[in-house]
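Below is one structure, written out as structure tokens, with a few remarks after it.
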Amino acid sequence: MEISLAAEKIAHIGSFPVTNSMALSWITTIFLIIIAFIATRKVTFVPSKIQNFFEMILEFLFNTANDIIDDEKATKRYFPLIATIFIFIITNNWLGLIPGVGSVGFHEGEKFIPLFRSANADLNTTLALAIVAVIAIQVFGVAAMGAFKYAKKFVNFKGPIDFFLGILEIIGEFARMISFSFRLFGNVFAGEVLLLVVAFLVPFVAPLPFFFLELFVGFVQALVFTMLTLVFIKSAISSH
């Protein structure tokens with residue numbers, strides 16, 4: 001049994017290396033595009049079962065977002081990003097639990113290389129999500145308050161205390177990025193290791209309770225990432 005912190009390379013496209021976590025992330029993207037096509041190709045006033053299921057998911061996400069933003073017009077503006085983040089993260093988390101992910105692969109010398117690995121168990125993926133979220137927060141803040149007024153949050157020479165608070169705000173933005181990426185990565189990677197160890201020690205029956213626990217954890221981590229993004233957006237677009 002081998003546990004690698006970094007994602008393993010499984011192929012190259014020219015000089016571009018493809019890792020096993022990247023491969024699963026691409027599969028997630030293709031899967032979601034297909035699901036979106038199926039769900040929206042025959043939208044009717046009286047929804048079918050599959051349309052009703054996806055409408056229920058989107059309604060839950062929208063109502064949750066609106067409870068935090070507290071402005072339906074603003075929520076509609078930010079909802080596409082928020083819903084995409086949540087759905088992408090939870091799908092990655094759950095696809096990483098499919099039997100064969102992490103256990104099917106090939107040997108490179110004495111080292112076993114799995115073909116697929118949970119995308120969110122790779123710090124590169126979670127850091128990319130964090131960067132997108134933090135940049136989007138800044139863009140939404142500038143759009144809502146104006147560039148000059150929003151910049152005063154970070155650079156303010158009215159007094160030493162205001163200047164010091166601006167420095168703390170800049171540090172806080174970088175801290176958010178680190179917190180976003182490491183929280184998601186740490187929880188998903190720890191769950192992956194837990195399932196691997198339990199399956200290795202006591203296969204078949206013993207991993208089942210942990211499998212269902214990881215399903216729940218995958219949902220919670222997607223929700224936490226999304227809720228924190230919403231809270232930071234709310235803070236960025238508020239003048240006080």
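Values computed for the structure shown
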| quantity | calculated |
| --- | --- |
| Distance (nanometres) between label positions extended 7 Å along Cα→Cβ at residue 124 and residue 138 | 2.3 nm |
| Shape of the chain, Cα gyration tensor, a/c cut at 1.5 | oblate |
| Amide H partners (placed H, <5 Å) of residue 105, local residues excluded | 115 |
| Listed peptides 210-218, 229-237 by packing density, highest first (mean Cβ within 10 Å) | 229-237, 210-218 |
| Amide H contacts under 5 Å for residue 8, placed H, 5+ residues apart | 20, 21 |
| Net dipole in debye of the chain [+1 Lys, Arg Cβ; -1 Asp, Glu Cβ; about Cα centre; nearest 20] | 680 debye |
| Largest-first principal axis extents, alpha carbons of region 14-93, Å | 46, 30, 20 |
| Pairwise label distance in nanometres, residue 29 with residue 194, each label 7 Å out on the Cα-Cβ vector | 3.0 nm |
| Degrees between helix 207-237 axis and first principal axis of the chain (Cα, 0 to 90, nearest 10) | 20 degrees |
| Highest-first arrangement of 32-40, 20-28, 113-121, where packing means the average Cβ count within 10 Å | 113-121, 20-28, 32-40 |
| Rounded, prolate or oblate (a/c below 1.5 giving rounded, otherwise prolate when a/b exceeds b/c) for region 56-151 by Cα gyration tensor | oblate |
| Nearest 10 degrees, 0 to 90: helix 123-145 Cα axis against the chain principal axis | 20 degrees |
| Ranked by how many other beta carbons lie within 10 Å on average, peptides 80-87, 58-65 from highest | 80-87, 58-65 |
| Label-point separation in nm, residue 49 to residue 168, each point 7 Å along Cα→Cβ | 5.6 nm |
| Chymotrypsin sites (Phe, Trp or Tyr not before Pro) restricted to region 120-191 and DSSP loop, no more than 12 other C-beta within 10 Å | 157 |
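Every read-out reported here was derived from the displayed coordinates using simple, explicitly stated rules and does not represent laboratory data. Since this is a predicted model, take the numbers as computed values, not measurements. Note that we place each Cβ from the backbone using ideal geometry, even for glycine, and neighbour counts take in every protein chain shown.
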